[in-house]
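Quick notes on the structure that follows.
The values are calculated or read from the model by the stated rules, or taken from the named source; none is laboratory data. The structure displayed is predicted, hence computed values, not measured ones. We place every Cβ from the backbone using ideal geometry, glycine too, and count neighbours over all the protein chains shown.
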Amino acid sequence: MTRLRLLVTGVTLLSSAACIQLAPPTLFDEAGGGGLGPGGAGATGGDDAGNGGGPAAPPVCSSTVGEPCVRVVAITAGRSSTCARFDDGSLRCWGGNDAGQLGLASRPSSAFEPPTPSDLPSFDDIVMGDVHGCGLKDGTVSCWGNNAVGQLGVVGPNTPVAQPLALGGEALELATRNFTTCARGTDQLWCWGLDLDGQNPWPPGEAGTYSPPTAVAELDGVAIDELGVARNHACVRIDDEVRCWGRGEFHRLGTGNQQNQLTPTPVLKTYPSPVHRLAVGHEFGCVIAGTPAAAYCWGYFNAFHSHASPTAYAGWLDLPYRDVQLGFRIMCVLYQDGSVRCAGTNGSGLIPLTEEDDEPLLLAVPDLGTVTQISLGRFHACALDTDGEVNCWGRNSEGELGRGYLSAQELPGPVVWEGIAP
């Protein structure tokens, strides 16, 4: 068994699991069904069931590894598992898998167990909720994993096999968090999964039940620029207007009160134009707006920033930024120079080198290269750099950091990948 260090350009963060077994991350091929371990890519033998051996999984491109190799192309975040999507259509995932959310056909309780060929097809994009995932391919959405409250958009049991959804239109973007997913089309929005206090506007009397993907009637015919889904609410941006719906607690809807909203309701326009970016977190939201661009946030960000309507965030830095990610009471900003800074509640150690429980300032995350993408899970984060290396930090109870052990890590460290030679 040869341990390889892999070059990655994308990562996906998933959900929790029941138990794990220490080992480096699992590799499986979502297009060809290959995986590390018995019957998968890298296996040296076969069986009568068709789980025959195959060639070793290709290494990941790096400064020391040349062709043939594969490169990660996208990252996304869920709760406490992680996946990397590669340019050959394969996924390499680690962390919880109690409901099949990693797409492993044999449903091991975690990706640290011997891998199983995946039934997942190739996707253009994937997103992960707590214990389910959804993928987008040529406008079609498919979901897999836990289906206790209709997260898969179809009636049926939990499954690691991707289930295609009938939306009634072509999807352009997916967003999910916890047990709810929404898909944005050209001029329509569909949502499915758990309805928490009106997060999904089901017909009267059906709140709290699961349903097939349901069009949000108030947004029919509306061109949506951005979409965000959080634990108990969702928001969309339409030009310079932001509309949110769902649970109003903690002022997460930005309407000036804490009333639940069953339909998309305008956030108070206490921020300047133009709006450049919308980001939605656990109990708060932000827009990056104005000239020069600055963050205006509402809801409960942390003990230093809790507001009923969009209010300028004092810790914002006037630096060119590339992306803003919100998570569980935390904000991380990726800047044009490839640096990353984070602020917010620090119970899980996502803000390195601070002893504050609530950090009001955006502090630099050390030990990272030139970062091109960041992704936040519930209590961990990962960053992809220009060298193709993925570094993760934070909580590690499910092995979500990809280090091959369970202890939490305050400082970023590289994901360790394992290849099996033929």
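Number of residues in the stretch 362-377 that are in contact with an Asp or Glu (Cβ under 8 Å, 6 or more places away or on another chain), part of a loop (DSSP other than H, G, I, E, B) and either on the phi > 0 side of the Ramachandran plot or surrounded by 22 or more Cβ atoms within 10 Å (Cβ to Cβ) (or both) equals 1. Criterion applied to Y321, Y313, Y335 was being without any contact (Cβ under 8 Å) to a residue 24 or more places away in the chain and not small (G, A, S), and the one residue passing it is Y335.
P272 meets all of the listed conditions (1) closer than 24 Å to G347 by Cβ; (2) in contact with a strand residue (DSSP E or B) (Cβ under 6 Å, 6 or more places away or on another chain); (3) not aromatic (F, W, Y) but one, namely (1). Across the stretch 127-171, which residue is surrounded by the fewest Cβ atoms within 10 Å (Cβ to Cβ) among those that are out of contact with any Asp or Glu (no Cβ under 8 Å at 6 or more places or on another chain), polar (S, T, N, Q) and not in a strand (DSSP E or B)? Looking at the filtered set, the residue picked out is N158.
For the stretch 323-355, a residue qualifies if it is within 17 Å of G285 (Cα to Cα), touching a Ser or Thr at 6+ places or on another chain (Cβ under 9 Å) and assigned to a loop (DSSP other than H, G, I, E, B), and the qualifying residues are F328, R329. When T181, T186 are checked against the criterion of being modelled with pLDDT under 95 and in a strand (DSSP E or B), a single residue qualifies: T181. Annotation: of all residues in the stretch 365-413 being without any contact (Cβ under 8 Å) to a residue 60 or more places away in the chain and small (G, A, S), the one that is farthest from E355 (Cα to Cα) is G369. Evaluate the following for D240: is it surrounded by fewer than 18 Cβ atoms within 10 Å (Cβ to Cβ), at pLDDT 90 or above and in contact with a Phe, Trp or Tyr (Cβ under 9 Å, 6 or more places away or on another chain)? So D240 fits the description; yes. Take the residues in the stretch 224-237 that are in a loop (DSSP other than H, G, I, E, B) and modelled with pLDDT of 95 or more; name whichever of them is farthest from H276 (Cα to Cα). This residue is I224. A single member of A308, A314 is farther than 23 Å from A77 by Cα and part of a strand (DSSP E or B), and it is A308.
Please verify whether the stretch 237-255 includes one or more residues that are on the phi > 0 side of the Ramachandran plot and without any contact (Cβ under 8 Å) to a residue 40 or more places away in the chain.
yes
Being within 30 Å of G388 (Cα to Cα) and assigned to a strand (DSSP E or B): is that true of L319 here? So L319 does not fit the description; no.
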